[in-house]
Amino acid sequence: MTGPGAGRAWTEERRERSDRSDEVRHDPAGPGARAGEGRRQHYSVGTTVRIVRYAFRSGASDYASIYTWKSWLTGWYVRVLAQVVFFALIGKLLQSDQQTWYLLVGNSVMLAAMEGIWALNLVSWERDSGTLQLLAASPSNPVVVFAARGSYLIADGLFSALGALFVAGALFRMPLPWPRILLVVPLTLLVGASAYCFGVFLAGVLIRARRLDGIVSNVGIIVFMTLCGVNVPLAAYPAPVAFVAQFLPLTHGLLAIRAVLAGDLGTALGQAALEAAVGLGWLGVCLLTFSRFVRHGRRDGSLEYA
């Protein structure tokens with residue numbers, strides 16, 4: 001094109017290019033940050049699944065370097081079985097089979113929740129290994145990487161809880177009705193996953209609070225054992241305390257498992273739905289807050305290596 005029209009078109013194009021350059025130059029995030037945001041926003045479901053798979057395999061490989069199946073059975077499993085037996089023996093001292101079985105079931109299922117809570121240690125483990133900053137720099141959502149990398153804890157908690165329940169149940173002659181007892185397996189998995197979501201949320205909070213993970217972990221376990229019906233029925237607590245327990249993982253899942261063992265499948269279904277709702281609620285909190293915690297950690301330097 002030639003003539004006055006071509007001159008006006010050329011002038012308009014130069015003006016648009018100048019405006020775009022000024023916009024990029026005055027953007028505080030910078031072009032690199034904007035490109036990074038675009039990469040985060042346009043990840044496909046397939047890419048996210050692949051990230052989850054590799055992160056899980058990486059975490060499971062780290063865990064396998066700590067335990068073999070022999071050391072797991074003779075070390076960790078014997079320890080948690082002894083813990084469940086200890087609480088069941090309290091019921092024996094009370095000369096009540098019902099109390100014995102109540103304590104046995106509660107403390108067995110508590111193992112799945114306990115390992116879920118341990119997800120809050122993820123940040124400290126990665127910081128001590130020198131990988132925290134590398135994982136936080138991932139172009140995907142940080143909560144996806146962190147949560148998938150430690151999700152082997154859900155499986156470990158499941159095997160620990162079921163192993164303790166069935167072995168201790170046989171030792172104390174607790175009725176295990178077949179085939180209804182099989183429903184305990186997915187319910188225990190649900191408890192572990194729900195508690196894991198809660199633990200990942202706490203891990204995000206602890207990004208900026210170094211060396212508090214041990215204290216928070218122990219306090220969290222004590223709160224769960226106290227408030228969630230593990231050793232004392234919820235009806236024994238004041239109404240405000242019982243109300244708070246409704247929003248904690250484990251509470252409804254444990255009630256569902258007790259209902260299955262009692263043969264009340266309708267109650268078990270309702271409590272399982274509530275446990276799933278609690279878990280999804282804490283998962284939503286994770287998705288809303290974890291990336292923000294990581295950004296604050298970058299700004300104040302708390303994402304250091306050691």
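The values are calculated or read from the model by the stated rules, or taken from the named source; none is laboratory data. As the structure is a prediction and not an experimental result, all values here were calculated from the model. Glycine gets a Cβ as well: all are built from the backbone with ideal geometry, and neighbour counts include every protein chain shown.
Could you tell me how many of the residues in the stretch 181-229 are of a type outside the set (A, V, I, L, M, F, W, C), surrounded by fewer than 23 Cβ atoms within 10 Å (Cβ to Cβ) and within 23 Å of I257 (Cβ to Cβ)? Break it down into steps so the answer makes sense when it comes.
Within the stretch 181-229, the first condition is being of a type outside the set (A, V, I, L, M, F, W, C), and the residues that meet it are 186, 188, 192, 194, 196, 199, 204, 208, 210-211, 213-214, 217-218, 220, 226, 229.
Okay, now just the ones that are also surrounded by fewer than 23 Cβ atoms within 10 Å (Cβ to Cβ), so 186, 208, 210-211, 213-214, 217-218, 220, 226.
Now restrict to residues that are within 23 Å of I257 (Cβ to Cβ): 186, 220, 226.
Total meeting the criteria: 3.
Residues that are modelled with pLDDT under 80: list the helices (runs of 4 or more DSSP H) wholly contained in the stretch 1-117 that include at least 1 such residues. Quick ask: steps written out before the conclusion?
Numbers: elements: 4-26, 30-41, 45-64, 78-93, 97-117.
Because the criterion is at least 1 residues that are modelled with pLDDT under 80, the helices (runs of 4 or more DSSP H) in the stretch 1-117 that meet it are 4-26, 30-41, 45-64.
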Quick one: would you say I207 is among the β-branched types (V, I, T) and assigned to a helix (DSSP H, G or I)?
no
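Rundown of residues vs (1) among the charged types (D, E, K, R); (2) at pLDDT below 90; (3) buried (at least 21 other Cβ atoms within 10 Å of the Cβ), yes/no style:
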{"position": "P139", "(1), (2), (3)": "no, yes, no"}
{"position": "Y152", "(1), (2), (3)": "no, yes, no"}
{"position": "A161", "(1), (2), (3)": "no, no, yes"}
{"position": "G169", "(1), (2), (3)": "no, no, no"}
{"position": "R173", "(1), (2), (3)": "yes, yes, no"}
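Within the stretch 263-290, track down each residue that is among the small types (G, A, S), assigned to a helix (DSSP H, G or I) and over 18 Å from G229 (Cβ atoms). Reasoning before the result, please.
Here is the first cut: in the stretch 263-290, the residues among the small types (G, A, S) are 263, 266, 268, 270, 272-273, 276-277, 279, 281, 284.
Okay, now just the ones that are also assigned to a helix (DSSP H, G or I), so 266, 268, 270, 272-273, 276-277, 279, 281, 284.
Scanning the stretch 263-290 gives G266, G281, G284.
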Output the number of the condition that P186 fails; it satisfies all remaining conditions of (1) closer than 17 Å to S108 by Cβ; (2) in contact with a Gly (Cβ under 8 Å, 6 or more places away or on another chain); (3) in a helix (DSSP H, G or I); (4) not hydroxyl-bearing (S, T, Y).
(2)
